[in-house]
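Structure first, then comments.
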Amino acid sequence: MDWQKELLGKLDFNAKQCFIISDPEHLCFEPLIAERFEQAEVELVDDSDPISLRFIYESRLEKNNNKALIITCAEIEDNYIPFDITFNATNINFHINEIIPELEVETLRSISPVYFQPLKEAISSYRPGKLGRIASLDFLLRHIFKIAPEIIQTEVDLVRLLIQKHYLGGEMPEAIEQRLIALLKLNDTFNGWDFDRLLPSKAEFFEFLQVQWTLYLETLVSVDELKEPPWPQGKLIVPFDDQDVQVYVDNLFADGLLKPVNMEGISKNHWAVIGIISEDGTSQLKRFSHLLARLNSVFLQELVNDLSADIWGEHAFELGMLNALGHQIKTLSASEITSLNHLNTKVDHLFEEWLFEKFGGLISLPAIRHPNMLHKIPDWLNRKVQDDKKICLLVMDGMGFQQWSLFRESLNSCSRITMEEHYSFAWVPTITSISRQSMFSGKKPYFYADSLLTTSKESKLWQAYWENNGLTSKEVLYAKKVEDRATNESFSDLISNRHIKALGLVINFVDEQMHGMKAGMSGLNAVVSDWIVTWKFEEKINILIDLGYEVIITADHGNQEAIGCGALREGVKAETKGERVRIYDSENAATSSNDLLDGKVLKWPGKKYGLPEGRFPLVSRGTHAFVKEGKKIVGHGGISLHEVVVPLAVIKRKL
């Protein structure tokens, strides 16, 4: 039996009563369980505010609701649930160690629920009995992450493992990483390897691989003086001539994870030219062609049910890079441009269908290593602050993955930092006030219903979050329109107070340039590229690093190039009139406008997906915009991949 069915079997969905579920692993929000709750029309509450719980509970009694009410909490004993609710409720445990008792519970809690079913099946096949912590970690390494440390005997084996982990393997819990490091250190062959840096850190590994790439190219030409690299034993150890490795390397250059280098004397027909800078733009064109072919093959085969948030996060990065290259390269053929447009249309369709079904699971499902939605960022940052780190949350208003590829290129030239890249999902509708308030408050939009459509309370929300988590007012700072601090001196003056531990900065430049941009996405990218240089973005990041901050760069939403389909003649019915969204205070008004647009927009289930009651969004699909017919814009508010999935980068001082 599937583990979800075992847990759901504890509930009677037809009972007119309240259930309190002890759910420390947040299993109630696992997609299949959440879907079953929705089908049964039960009310699921995960609010820790006793006043809100009281309101929901008493409203249910007044309405004589005949469906079950489910309140989730980490433990039944949590004292924020009012006594009378607890007394009259049925208590249920959703504890994964009751379903998988063979493994140590803290080890189980470290992995994503997507692994629970294959783990149950592996236990059924191998019957390991009751395992302690170390044995549990070893079992997960072998049967879930498919790594058998004892067969990694050579440096070739090791490099293949690292490429697979950092490029193909997805997130690995820290406890399992540390166990793998301990096992690899037992092999004397690897004495020169700094596993504590290379195995956990994607950035450290690709820096190492970059050095190795230069060494490899130097073996292909006559070089008078070889530079001594800083990594193991000062020698070339990556088997770039291995065909399997070459496939990875092609993709790494196409994705921008490795950077082409200057090297003369290598034939243009050699496979390695994708990693060599060319004056005629050949390397850029090769990257574009490689990415386009790979993503076309991926999305021709993809089914909506096979997709996940991690897959979309990975593809958002690649598609942003591909589209940015498409705007930079002036020699693309008509067939290449058509193929790119078809790919974007296919991606939009798949993503919209997936998001409409899966967005609810993202909202409350906990992130294992990094926040997969913007409102989870403060709690994630708080763990860093509790570890005595200073953090700077740098929010680039409106930055999508296309613009991130430009910022990233600038930061790649900085030798003093390491950079880990991830993704996060914005709130829908993808407008500034909704997503950015969630990011600075750590709350879902229905908590700030009174300020939903303004950004004026962001500073208070940021301050309140940190004061509620133990910081004093002088240890917290919020500032927006930071782009106005053009000189390094004025920027330093803003952030240099030694007491600050939680710094929140907003740069509005991308969003402000986006609105009114007549030259479309290529024009926006060109303006952003120039501004990165003139504002000295890299130098500003170095100032933050020198002041001891760990810098987290993200965006409140991305952007989409769109074409106007004609403005709606709707009088004053819409409360918010954006270029790619309308928000109504009447469901009938939203429905009537939707009927006029014949599938070009989507009625977004706002209340179901975290918005306050009485808000009914109509969001644009594809490249639709609520502007004059035929007018090209770059906007946001809709549900395209490029608007919803945004970059999340962690920048630290290099050790």
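Does region 2-16 contain at least one residue that is basic (Lys, Arg), under 27 Å from residue 173 (Cβ atoms), without any contact (Cβ under 8 Å) to a residue 24 or more places away in the chain and open to solvent by 70 Å² or more (accessible area, probe 1.4 Å)? Yes: one or more hits.
What pairs can you find where one residue is in region 188-199 and farther than 16 Å from residue 150 by Cα, the other is part of a loop (DSSP other than H, G, I, E, B) and of a type in the set (A, V, I, L, M), and their Cβ atoms are less than 8 Å apart, with a gap of 6+ or different chains? Between residues of region 188-199 that are farther than 16 Å from residue 150 by Cα and residues that are part of a loop (DSSP other than H, G, I, E, B) and of a type in the set (A, V, I, L, M), the close pairs are 197/655. When region 172-185 is filtered for residues that are open to solvent by 70 Å² or more (accessible area, probe 1.4 Å) and touching a helix residue (DSSP H, G or I) at 6+ places or on another chain (Cβ under 8 Å), only 185 remains. The test for being in contact (Cβ under 8 Å) with a residue 24 or more places away in the chain and either under 30 Å from residue 491 (Cα atoms) or loosely packed, with under 15 Cβ neighbours inside 10 Å (or both) does not hold for residue 624. Only one of the numbered conditions (1) acidic (Asp, Glu); (2) out of contact with any helix residue (DSSP H, G or I) (no Cβ under 9 Å at 6 or more places or on another chain); (3) closer than 26 Å to residue 624 by Cα is violated by residue 336, and that is (2).
The condition (being under 29 Å from residue 444 (Cβ atoms) and open to solvent by 10 Å² or more (accessible area, probe 1.4 Å)) is satisfied by just one residue among 614, 548, 566, 630: 614. Of all residues in region 454-470, those satisfying the criterion of being open to solvent by less than 10 Å² (accessible area, probe 1.4 Å) and either among the charged types (D, E, K, R) or farther than 17 Å from residue 481 by Cα (or both) are 458, 466. Restricting attention to region 419-430, the residues that are modelled with pLDDT under 95 and open to solvent by less than 20 Å² (accessible area, probe 1.4 Å) add up to 0. Apart from one condition, residue 394 fits all of (1) modelled with pLDDT of 95 or more; (2) open to solvent by 20 Å² or more (accessible area, probe 1.4 Å); the exception is (2).
Taken over region 109-140, the criterion of being in contact (Cβ under 8 Å) with a residue 40 or more places away in the chain and either among the hydrophobic types (A, V, I, L, M, F, W, C) or touching a strand residue (DSSP E or B) at 6+ places or on another chain (Cβ under 9 Å) (or both) is satisfied by 111, 114, 116, 134, 137.
Across region 480-493, the number of residues qualifying as of a type outside the set (Lys, Arg) and surrounded by 17 or more Cβ atoms within 10 Å (Cβ to Cβ) comes to 3. The number of residues in region 357-369 being modelled with pLDDT of 90 or more and surrounded by fewer than 18 Cβ atoms within 10 Å (Cβ to Cβ) comes to 0.
Cβ-Cβ distances below 7 Å connect the following pairs, each with a first residue in region 581-603 that is free of Cβ contacts under 8 Å to residues at least 60 places away in the same chain, a second residue that is among the acidic types (Asp, Glu), and a separation of six or more residues or different chains: 584/575; 585/575; 593/570. May I ask you to say which residue of 451, 441, 413, 433 is open to solvent by 30 Å² or more (accessible area, probe 1.4 Å), among the polar types (S, T, N, Q) and more than 17 Å from the chain's Cα centre (by Cα)? Just a single option satisfies the conditions, and that option is 413.
Residue count for region 277-299, restricted to those that are more than 29 Å from the chain's Cα centre (by Cα) and at pLDDT 90 or above: 0. Kindly indicate whether any position in region 208-228 is at pLDDT below 90, among the polar types (S, T, N, Q) and buried (at least 17 other Cβ atoms within 10 Å of the Cβ). Scanning region 208-228, I find no residue that is at pLDDT below 90, among the polar types (S, T, N, Q) and buried (at least 17 other Cβ atoms within 10 Å of the Cβ), so the answer is no. Considering every residue within region 641-648, establish whether at least one is modelled with pLDDT of 95 or more, closer than 30 Å to residue 194 by Cβ and either assigned to a loop (DSSP other than H, G, I, E, B) or open to solvent by less than 50 Å² (accessible area, probe 1.4 Å) (or both). Yes: region 641-648 contains one or more residues that are modelled with pLDDT of 95 or more, closer than 30 Å to residue 194 by Cβ and either assigned to a loop (DSSP other than H, G, I, E, B) or open to solvent by less than 50 Å² (accessible area, probe 1.4 Å) (or both). Scanning region 300-320 for any residue that is at pLDDT 90 or above, more than 30 Å from residue 30 (Cα to Cα), open to solvent by less than 80 Å² (accessible area, probe 1.4 Å) and not charged (D, E, K, R) turns up nothing.
Contact map, region 456-485: first residue in contact (Cβ under 8 Å) with a residue 24 or more places away in the chain, second residue open to solvent by 20 Å² or more (accessible area, probe 1.4 Å) and among the acidic types (Asp, Glu), Cβ cut-off under 8 Å, separation 6 or more or different chains; pairs are 466/475; 476/467.
When we screen 183, 161, 257, 168 for residues that are modelled with pLDDT of 90 or more and closer than 29 Å to residue 294 by Cα, the only hit is 161. Based on this model, can you work out whether residue 550 counts as touching a Lys or Arg at 6+ places or on another chain (Cβ under 6 Å) and either of a type in the set (Val, Ile, Thr) or at pLDDT 95 or above (or both)? So residue 550 fits the description; yes. As a summary of the residue check, residue 331 satisfies the conditions (1) in contact (Cβ under 8 Å) with a residue 40 or more places away in the chain; (2) open to solvent by 30 Å² or more (accessible area, probe 1.4 Å); (3) part of a helix (DSSP H, G or I) except for the one numbered (3).
Once region 23-71 is narrowed to residues that are of a type in the set (Gly, Ala, Ser) and under 24 Å from residue 445 (Cβ atoms), the residue that is surrounded by the most Cβ atoms within 10 Å (Cβ to Cβ) is 34. Residue 316 meets all of the listed conditions (1) under 23 Å from the mean Cα position of the chain (by Cα); (2) assigned to a helix (DSSP H, G or I); (3) farther than 30 Å from residue 32 by Cα but one, namely (3).
The values are calculated or read from the model by the stated rules, or taken from the named source; none is laboratory data. This structure is a prediction, so every number in the text was calculated from the model and none was measured. Note that we place each Cβ from the backbone using ideal geometry, even for glycine, and neighbour counts take in every protein chain shown. Heads up: the accessible areas ignore ligands, DNA and RNA and are worked out on the full protein's heavy atoms, side chains in. Shrake-Rupley method; radii C 1.70, N 1.55, O 1.52, S 1.80 Å.
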